[in-house]
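Colleague: Dropping a structure here in structure tokens format, bear with me for questions.
The numbers here are math on the coordinates, done by the rules we state, and not lab data. Predicted model, so just to flag it, every value in this text is computed and none were measured. Quick reminder, even Gly has a Cβ in these numbers, built from the backbone with ideal geometry, and neighbours come from all protein chains shown.
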Amino acid sequence: MDRCVVLVDAGYLLGAAASLLAGDSARSRITVDHATLIQGLRERAEDETRQPLLRIYWFDGAPDRVPQPEHRRLRVMPRVTVRLGALTRSSDGRWGQKGVDAAMHAELTELARNRACSDVVLVTGDGDLLPGLMSAKEHGVAVHLWAVQAADGDYNQSEDLVAEADERRVLDRTWITRAVRAKELTGACAPQPAPEPEIAAILSAPLPEPAAAAGSPASSAEARPAGRNGVRPASPAALAGERDGSGARSVPTPKDLAGLGRPAAATAGQGPATNATLRWSSDKGWVDRGSSSGNGLGESPEIAALPTLAQLTSAEQRWADREEDITTVSGDPFEVGQVFARRWTERIADSVQLQHLSTEYPRIPHRIDGELLRYAARFGLLAHKDDQIDEHDRYAIRAGFWREIDARTAAEHAPAGD
């Protein structure tokens, strides 16, 4: 049939693009606009083969062959079929694909044998596809081999594969950067970007005061009156923050914040404090487990009774949420927190419960916080090193959550007509 098909080895395409743009083949070093990338592949394939597109096959690896967020977005796009191989980690910690080459070979051979197309575009560099390429040619299919421009100006494809192809083209830097860009470095060797205002607000939130001698009054942070939405003003010490030897403010980690809530006796090795609470997050750190009320996490009965998003969501809403996650939500950590909070506030029936949540700022109640982080993990925000969400991403997720809660609570209290 007079149609063209595109077979994409995603590991090759995105790995080579990362090498070209970021100097490292790790796909975590780039961000990809998949909709733009797919549209670019389609337009270029139809232009160069002068045939209408039948389908784009996207071959990639995934842990246990479970579709990742990008795969879920891709497979609902028009004329796109996703085929997944296994993604496994070797003893040295590196990730590798298994079964992707075999799947591409089988698809290429089957398309040619069934005369499903007249032209096949291969975006790959693996010489293991040579037998499939030769078989397709024997069935009368024209094979177009596309390469990603190599970072060092050399070839990044099998020489035998290049020699056997009917047509050869290079996807250069200009073409690649329409849909792919390098992420900015944030490591120790690169200048640290200033936190977004919303994240800074989380970091400057009131911290628990260290307990004084026995019989001392409650912490001044707890005694300060709550402001709008129940948010207590930050103490001068919290706003000033800890400073290192250079005088620059350092970002407190969850462990640092938890330590500030322990009395000297606990830090001297006498065990955890019973009144210590990690305020900005329910993730790790010392919390009050001696409470006789609530859920044993230092939470009041009203906070412990707050429903999770799953409890507020109907089957129809769950389906709509999934579609929105696939087609609309970009996966930016701050946006993920906002989306989660928007859904929670829209579905909560009792506005009093929203007020209870606001009084906990900046600490997200334990069950809701865990659900929020699990939701965020769906968007590929897990660091492969330890399968946990990056610390800065956690700041951004929770900052987005509180920004949305603040906006919703303010809207409820706005005078009519505003």
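Colleague: Spin-label point model (7 Å from Cα, Cβ direction): what's the residue 410 to residue 115 distance in nm?
Modeller: Modelled inter-label distance: 6.7 nm.
Colleague: Amide H to amide H, which residues 5 or more places from residue 168 or on other chains are under 5 Å from it, using H placed in the peptide plane?
Modeller: Here the answer is 145, since their amide H atoms fall under 5 Å of that of residue 168.
Colleague: Using a Förster distance of 45 Å, how high is the FRET efficiency between residue 346 and residue 174, based on the Cβ-Cβ distance and rounded to 0.05?
Modeller: 0.55
Colleague: Quick one: which residues, 5 or more positions from residue 148 or on another chain, have an amide H under 5 Å from its amide H? H modelled 1.01 Å from N in the peptide plane, none for Pro or chain starts.
Modeller: When sequence neighbours closer than 5 places are left aside, the close amide H contacts are 171.
Colleague: Quick one: 3J(HN,Hα) in Hz for region 318-335, Karplus 6.51/-1.76/1.60 with θ = phi - 60°, rounded, Gly and Pro as x.
Modeller: Values per residue, Gly and Pro as x: 4, 5, 5, 4, 5, 5, 5, 4, 6, 9, 10, 6, 6, x, 4, x, 4, 5 Hz.
Colleague: Once amide H atoms are built 1.01 Å from N in the peptide plane, which residues 5 or more positions from residue 30, or in another chain, come under 5 Å H to H?
Modeller: 183
Colleague: At what distance in nm do the modelled label points of residue 322 and residue 182 sit from each other, each positioned 7 Å from its Cα along Cα→Cβ?
Modeller: 3.9
Colleague: Also: Under the rule a/c < 1.5 gives rounded, and otherwise a/b versus b/c splits prolate from oblate, where does region 4-182 land using the Cα gyration tensor? Present the calculation step by step, with values, prior to reporting the outcome.
Modeller: Values: a/c = 1.35, a/b = 1.28, b/c = 1.06.
Verdict is rounded for region 4-182.
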